[in-house]
Amino acid sequence: MNFNQLKIFYTVVNKKSFSLAGKDLYLTQPDISIQIHHFEEYFGVPLIERIRKNIEPTDAGKVLFSYATRIFELSLEAEGVIADYRTLSQGMLKIHTTGTIAKCYLPEILRHFKIGYPNIKIILKAGNSQEAVDSVANFEADIAIPGRIHYGNKLLFTPFITDKLVLVASPKDDLSKRKKIDLEELAGKPIIIRELGSGLRKFTLEIFEKEGISPNVIMELTHCDAIKKLVEHRIGLSFMTYTMVRDELKEGILKEVDLSKKDSTMQFDIVYHKSRKTSQLIKAFINTALKGIPELKKISPTIIATGPTN
């Protein structure tokens, strides 16, 4: 059996797309199709079928996919165990997080980690929380640092920090001139949120759900910097962590709208695969991150340590 073809098959089924699999594996869509065809010829049975433009595994494909999952889990575990013999003197750590975490929370942590482990190469990728978590589940990254979402049974996590969620508006908005407002007053007001898969989106919608309010979402965006610009120009209101907007608040570009309800917070975690729970490299990063929280608090006083438990 060709293990490169097995990886291609696994990625196609997991992504439910030839083009997305090709993007992840740096192959063209025709190359993916050819390799899948050869793989099916090897087994003598169809493994993948197209149903109304969707990619689904056949019954045989489902069985093979379950074996492939176990094979790659064992492969990842073996890599981790052997890597530990290098006593952290060299190696690579792949981290997938969100753009906001990479910009606001990680630089200080990565600085400390590189001091302690100068020969560990770090590959950092940014997306949204769901993409980060999926990358660990699919063996594409060693660690994810998302806003807390559902992780599934393949993954473990260490709570990292929480940060205060604040409602921000333009200083010219009437709400920003009020000392305090009730959340119910936001009913009908234009709200801007992150896209599906974002941890910030999940926490924002939960604030409204807990009060039985249906928010008037007028826009969904993939970048917090773009949201801040739209809020600045009075197009809508948005919930963000204090650290995301601390500079804009200090400079008067944005204004925090004080809510009468209890402060809401957003939880961030460090997520890794079950098969990597013994990895010394992952443990070293988690320990460095937790020890670096006091430095983060100097940057933003609303950050609170919440780890480690599981």
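The values are calculated or read from the model by the stated rules, or taken from the named source; none is laboratory data. All values reported here derive from a predicted model rather than from experimental measurement. A quick note on method: Cβ atoms are made from the backbone with ideal geometry, for glycine too, and the neighbour counts reach across all protein chains shown.
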- prompt: Do you know which of the residues in segment 69-109 that are farther than 28 Å from GLN5 by Cα and small (Gly, Ala, Ser) is surrounded by the most Cβ atoms within 10 Å (Cβ to Cβ)?
  reply: ALA102
task: Evaluate the following for ILE145: is it in contact with a Ser or Thr (Cβ under 7 Å, 6 or more places away or on another chain) and free of Cβ contacts under 8 Å to residues at least 60 places away in the same chain?
output: no
query: Can you find a residue in segment 50-66 that is closer than 27 Å to GLY127 by Cα, touching a Phe, Trp or Tyr at 6+ places or on another chain (Cβ under 9 Å) and outside any strand (DSSP E or B)?
result: yes
- line: Note: among PRO215, PRO159, just one is touching a residue at least 24 places away in the same chain (Cβ under 8 Å) and more than 30 Å from MET92 (Cβ to Cβ), namely PRO215
statement: The one condition ASN119 fails out of (1) surrounded by fewer than 13 Cβ atoms within 10 Å (Cβ to Cβ); (2) out of contact with any Gly (no Cβ under 8 Å at 6 or more places or on another chain) is (2)
query: Taking LYS125 and the conditions (1) surrounded by fewer than 18 Cβ atoms within 10 Å (Cβ to Cβ); (2) closer than 23 Å to THR100 by Cα; (3) of a type outside the set (Val, Ile, Thr); (4) in contact with a Ser or Thr (Cβ under 6 Å, 6 or more places away or on another chain), which numbered condition does it fall short on, given that it satisfies the others?
result: (4)
statement: LYS179 fails exactly one of (1) buried (at least 18 other Cβ atoms within 10 Å of the Cβ); (2) assigned to a loop (DSSP other than H, G, I, E, B), namely (1)
- prompt: Is segment 31-52 home to any residue that is among the basic types (Lys, Arg), at pLDDT below 90 and within 25 Å of GLY197 (Cα to Cα)?
  reply: yes
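Listed here are the residues, each with its yes/no results for (1) within 24 Å of the chain's Cα centre (by Cα); (2) of a type in the set (Ser, Thr, Tyr); (3) surrounded by fewer than 18 Cβ atoms within 10 Å (Cβ to Cβ); (4) over 16 Å from PHE139 (Cα atoms).
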{"residue": "ILE8", "(1), (2), (3), (4)": "yes, no, no, no"}
{"residue": "LYS15", "(1), (2), (3), (4)": "yes, no, no, no"}
{"residue": "ALA21", "(1), (2), (3), (4)": "yes, no, no, no"}
{"residue": "ILE32", "(1), (2), (3), (4)": "no, no, no, yes"}
{"residue": "HIS38", "(1), (2), (3), (4)": "no, no, yes, yes"}
{"residue": "ILE51", "(1), (2), (3), (4)": "no, no, yes, yes"}
{"residue": "GLY61", "(1), (2), (3), (4)": "no, no, no, yes"}
{"residue": "TYR67", "(1), (2), (3), (4)": "no, yes, yes, no"}
field: Hey, ILE286 among the hydrophobic types (A, V, I, L, M, F, W, C) and within 30 Å of ILE213 (Cβ to Cβ) or not
entry: no
task: Could you tell me whether any residue of segment 173-182 is within 26 Å of ASP269 (Cα to Cα) and outside the structural domain of PRO301 (by TED's automatic domain parsing)?
output: no
query: Of all the residues that make up segment 20-41, how many are touching a residue at least 12 places away in the same chain (Cβ under 8 Å), among the hydrophobic types (A, V, I, L, M, F, W, C) and in a helix (DSSP H, G or I)?
result: 5
